[in-house]
2 protein chains.
Amino acid sequence: MLIKNAMIITMDSNRRVIKNGDIYIEDNKIIKIGKSLDIKDNEIIDAKGMAALPGFIKTHTHSSMTLLRGYADDLPLMKWLKEYIWPLEALLKPEDCYIGSKLACLEMIRAGITTFSDMYFYMNQVAKAVEDSGIRGVLSYVINDIMPENFAGMTATKRFLNQVKKSDRIIPIIGPHSPYACSKETLQKAKELADDLKTLIHIHVSETKEEIEESKKKFGLRPIEYLNSIGFLDSNLEIAHCVWVNDDEIKMLAKNNVKISHCPVSNMKLASGIAPLKHMLDNDLIVSLGSDGPCSNNRLDMIQEMKFSSLLQKVSLGDPTVIPAEKALEMATINGARALRLDNKLGSIEVGKLADIILIDLKKPHLTPLHNIFSHLVYAAQASDVDTVICNGKILMRNRKLLTLNENEIMEKAELAKEDLFGRK
Amino acid sequence: MLIKNAMIITMDSNRRVIKNGDIYIEDNKIIKIGKSLDIKDNEIIDAKGMAALPGFIKTHTHSSMTLLRGYADDLPLMKWLKEYIWPLEALLKPEDCYIGSKLACLEMIRAGITTFSDMYFYMNQVAKAVEDSGIRGVLSYVINDIMPENFAGMTATKRFLNQVKKSDRIIPIIGPHSPYACSKETLQKAKELADDLKTLIHIHVSETKEEIEESKKKFGLRPIEYLNSIGFLDSNLEIAHCVWVNDDEIKMLAKNNVKISHCPVSNMKLASGIAPLKHMLDNDLIVSLGSDGPCSNNRLDMIQEMKFSSLLQKVSLGDPTVIPAEKALEMATINGARALRLDNKLGSIEVGKLADIILIDLKKPHLTPLHNIFSHLVYAAQASDVDTVICNGKILMRNRKLLTLNENEIMEKAELAKEDLFGRK
C-alpha cells in the first residue's frame, strides 16, 4: 500500500514533519518514507490535503460501557456508582460486553484511535470485538475482591488468558482494579502473574481525594506510597488517573518508571480533580491519554482529550504556555505507545514500525487557513475530520466509510441490548 | 415548510420535549408545532432519528479572526497580543474581514449556530458576509481610544450605522471595546448613542486578573464597580467574559439586569481564569455562551462551549452535579436570545417565533444508545452531527450540504487572504 502526498506528522524523536511525503507499507509494516517514492503498488491512497499521523493510542477505557452512555450524568460520584452503575453491571451478560465494546470500536475507529487499553468484565467478548473490527486492543480482565472470583477475580483472569488468542492486535495484560478494591494478597498475586507472563499491569490509582483519605486511614499511607511499600511499582505498571499525587509520589513513580494514563475529561466530569500533568511531565514521567469509560466522558475521542488536557492545565496553572499542542499530540501517540511498552512497534510513523496510520482531512472550514499543523490538530480538529484509518496495515475506514464493521447493524443491536439490560432491572 | 417526525427540544419555559413531532413554518415564522400535523406542504423535511433544536446563539466572537487561527498559540497573553495579533490587525484590509467572517459563517452554519454577536473592525464587511450566508448577526463595530478614530472610533461606528442595512438578520449594536481601552468619555458617548438608538452595548470586562489590578490602580475601583459608578450598567448591556467578578459585583450586575457572555474555552486557552459561572446563575444573572475569537479557541463551536462550561465548573467546584446538561443547553439557546434581547423572537421552538431551527442527527455511534437527549447533546455530540440548519425560515444547510455558500471557494480565498496579509508584514 502506498500513501501519497500527505503532510506526514511522524512523531519520531525529531518530531519531523514531511510536507508532501509518501509512505510505503508492506503487509503490516512501514517499509519506506520519503518524497515522491518511485514504487509501483496496486493500492494507492492519494492523501493530498491530508495529514498522516500515527493512529491515536488510548491508554485507559472501559469500552463495553457505551451501553450506559448518558444514563446517569450530573450525579454525585457515589450515588452514580452505587445506585446507577454497579446495579446494572451486576446484570451484564457476555453478549452485552460484545456489542458494547463493538460499538466502542466503531466510535474509536471513526475517531482515529488504532490502539486502546481496556479494563472490564467478559474480556473475551471484547477480544472478539477487537478481532472483528480490526483495531488493536490491550486487554485486561478486571480483578477485584468485591465481586465473585469467577466473575471478576484471578479465576476469571486466568480463564481469559487461557481462552484469548494472542496476536499483534490482541495483547492480554493483567488488570487489578485498584488498591482499594483489591487486597494486598490479590495485588501481589496479580503482580506475580504479570511478572511470570512478562506483561503489563493496568490499575486505577489516586483518582479521588476520598481515595487518598481512605488509604491513609487503612494503611497509614497514601495510595502510591502503599503500592511502593508492597513492591508494586515498576516499569510494567500503567496507572490510570493519578489525580491526587504529591511531589514525593511523583518522584517515586518516576524513579520506578511507572506509566500514567491521564484522563482529563473524566476527571472533570466526575469532579475528581485536576491532575498535576505539567509537574508529572517535568519530572520525566511518561504520561499518555485515556478517555476512561464512555459513562464518565461521554466520548471515546482523543482529540477532545488532547484539547482538554492542554486547556485545563493552562487555566489551572494560569499559564497559557504549558502543554503546547505538540506536547498534547505526543501524549496521544508516542507516549501512549511508551505507556503500553509498544513503542518499538507503535506510536510514530517510522520505517520498521507497524502500519497504524490515520489520515486527517485538512480541507475543512475550521482547519482553514493553515498556520501551524499541531495547533490545528489539537485545538481545532474534531473526530469527524479523520478520513482514513489503517491499523496493522489494513484499512479499517476510508473516506469515512467503515470497511470492517456494519455500522447500522451495530447501532441497532446496541439499542436493543440496552433495552434488554434495563428490562432485567 | 414542514419538519416531520423530529424529537423536538423546544427549550420553551417548560423545557418541553416532543418525542415525535412536527413543526410547520411559513415564511420566516413557526406557525404550528404538534404531533402528526395534517398540513400539505411542498417542502417536507423528514427528521426521523433527528433532534430539532433552536439554532445555537453565540453571544461573543470576533469572526474575521479566522484568518489568524492557530497562528500564535501557547504564548503568554501580552506577547501574543502585542507581538503577534495587534501588528497583523493593523494591516487588515476590508476584504480580509469579508473573507475571514465569511469563513466563520461557513464554520458556524456547519456547527448549527444561527445567530452570533460579533465585535471587530470593518463591520460593514461582516454584514456583507452575514447577508450572503443567510445567518443572523448582531454586529458591533469595535470602538477604542488606541487606534485612529476613523478605523476604530465613534466615527467608524457611525459610518457603519449609516451604511448598514438593518433587517431581521442584521442587527447593528454598539461595541466599545472595554473599560481599559476606552476613556470614560468614550464609554459615555457610546452609551448615549445606544440609548438614542435603543440598542444593545457589547463590551469586554474583567477578563484577566491584570485588568482588575490596573482598574484598581487607575480608578480605585474594580472594572464592574467603575462601570457602575459612571452609570454604564443596564439591561441593554452584554458583557463578555466576567471571569474576575466578586460577590458584590455579581449582585451589582444582577440588580441592573446586565447580560453575560461566558467564554470558557477562550478563558482556559489564554489562562485568563475560571469564571464563577454557577454563582452567577445562582444569582439569576442571564449567562449565555460565546466562543471569543477563533484565535483563542480555536473553534466556533457551541457544543464544545457547552461541554467545557459544564465540566470546568464541575472540576473547579469539586461537584459533578453543577451545570447539568440541560442548563448548558439553556445557555447556548434561550439565554443567548435573552442576552441579545431577542427572546421574543429567538432561542426556543415556539409558535410565533422566527424559524431558526437545527436538526441534529442522532444515528451516530457516539450518540448510541439513547438514554438522555440533553446528556447526548452536551457531552457526546459534535459539531459535525448537525445535519440541517434553518435560519429565518430558509434552509442554509441540508444533509450537511451548504446551500448558500460555496465552501471550496471560501476556503481557497481565505488561504490566499492569509498569504496576502502575511506578505504585508
Where in region B:332-361 does the amide nitrogen come within less than 17 Å of the point 7 Å from the Cα of B:N257, taken along Cα to Cβ? B:335-346
Taking a 1.4 Å probe, which of B:F151, A:F308 shows the most accessible area, and what order do the others take after it? B:F151, A:F308
How large is log10 of I(q)/I(0) for the protein assembly as shown at q = 0.09, 0.10 Å⁻¹ when the intensity is taken from the Debye formula with one equal scatterer per alpha-carbon? -0.87, -1.07
Decide, for region A:56-339, between rounded, prolate and oblate: order the square roots of the alpha carbon gyration tensor eigenvalues as a ≥ b ≥ c, take rounded if a/c falls under 1.5, and otherwise choose prolate if a/b is larger than b/c, else oblate. rounded
Over all viewing directions the Cα convex hull of region B:143-209 casts an average projected area in nm² of 5.0 nm²
Once the piece of chain linking B:I146 and B:S36 is laid out straight, how much longer is it, given 0.36 nm per residue of separation minus the C-alpha distance between them? 33.8 nm
So, in nm, how far is label B:D168 from label B:N344 when the simple model puts each one 7 Å beyond its Cα toward the Cβ? 1.6 nm
Cα centroids of region B:153-214 and region A:383-405: how far apart, whole angstrom? 49 Å
Buried on assembly, region A:68-98 (at least 30 Å² less accessible surface than by itself, 1.4 Å probe): A:R69, A:G70, A:D74
Cα-based Rg / Dmax (Å) for region A:1-150: 20.2, 62
Quick check: at a probe of 1.4 Å, how many percent of the accessible area of the protein assembly as shown sits on carbon and sulfur atoms? 48 percent
Given the options A:D96, A:D292, A:D46, state which has the largest fluctuation in a GNM of chain A using a 10 Å cut-off (strictly under) for Cα springs. A:D46
Compute the distance in nm between two label points, each set 7 Å from the Cα along the Cα-to-Cβ direction, one at B:K425 and one at A:E26. 4.4 nm
Accessible area expressed per residue, the protein assembly as shown, with surrounding protein chains retained (probe 1.4 Å, Å²): 35 Å²
What does the helix-only formula give at 222 nm for chain B: each DSSP H stretch with n ≥ 4 adding -39500 (n - 2.57), the total divided by the residues, and the result rounded to the nearest 500 deg cm²/dmol? -10000 deg cm²/dmol
Proportion of all alpha-carbon pairs of region A:72-169 beyond 20 Å (%): 43 percent
Top positive-direction residue, dipole computed over chain B with Cβ charges, set B:N344, B:N14, B:N228: B:N14
Kindly report, to the nearest 10 Å², the accessible surface of B:W244 as traced by a 1.4 Å probe over protein heavy atoms only. 80 Å²
With +1 at each Lys and Arg Cβ and -1 at each Asp and Glu Cβ, the charge dipole magnitude of the protein assembly as shown around its Cα centre, to the nearest 20 debye, comes out at 600 debye
Magnitude of the Cβ-charge dipole of region A:56-339, K/R +1 and D/E -1, about the Cα centre, nearest 20 debye? 380 debye
Taking chain A as a Gaussian network, Cα atoms linked when under 10 Å apart, which of A:G273, A:G153, A:G34 shows the biggest mean-square fluctuation? A:G34
Would you kindly compute the Cα radius of gyration of region A:77-120 and its largest Cα-Cα separation (Dmax), both in Å? 13.1, 34
Heavy-atom accessible surface buried between B and A, both sides counted, 1.4 angstrom probe, nearest 100 Å², is 4900 Å²
Just how much of B:R159 is accessible, in Å², when a 1.4 Å probe is used and the result is rounded to the nearest 10? 90 Å²
On the rotation axis linking copies A and B, which residue of A comes nearest by its Cβ, and by how many whole Å? A:S384, 2
Shortest-first distances to equivalent copies, position B:D247, nm, label 7 Å out along Cβ: 3.4
To the nearest 20 Debye, how big is the dipole of region A:102-171 about its Cα centre, given +1 on the beta carbon of each Lys and Arg and -1 on that of each Asp and Glu? 220 debye
Measuring from a point 7 Å out along Cα→Cβ, what nm distances, shortest first, does A:N406 have to its partners in the other copies? 4.3
Using a Förster distance of 35 angstrom, determine the FRET efficiency expected from the C-beta separation of B:D319 and A:M154, and round it to 0.05. 0.40
Listed residues A:I44, A:I390, A:I201; largest mean-square fluctuation, Gaussian network over chain A with Cα springs below 10 Å, found at A:I44
Taking Cα pairs under 8 Å and at least six residues apart, what relative contact order does chain B come out at, in percent? 21 percent
Any idea what the B:N283 label distances to the other copies are, label 7 Å down the Cα→Cβ vector, nm, shortest first? 3.9
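The values are calculated or read from the model by the stated rules, or taken from the named source; none is laboratory data. Worth saying up front: this structure is predicted, and the values here are computed from it rather than measured. Quick reminder, even Gly has a Cβ in these numbers, built from the backbone with ideal geometry, and neighbours come from all protein chains shown. These area figures cover heavy atoms from the full protein model, side chains too; ligands, DNA and RNA do not enter into them. Shrake-Rupley method; radii C 1.70, N 1.55, O 1.52, S 1.80 Å.
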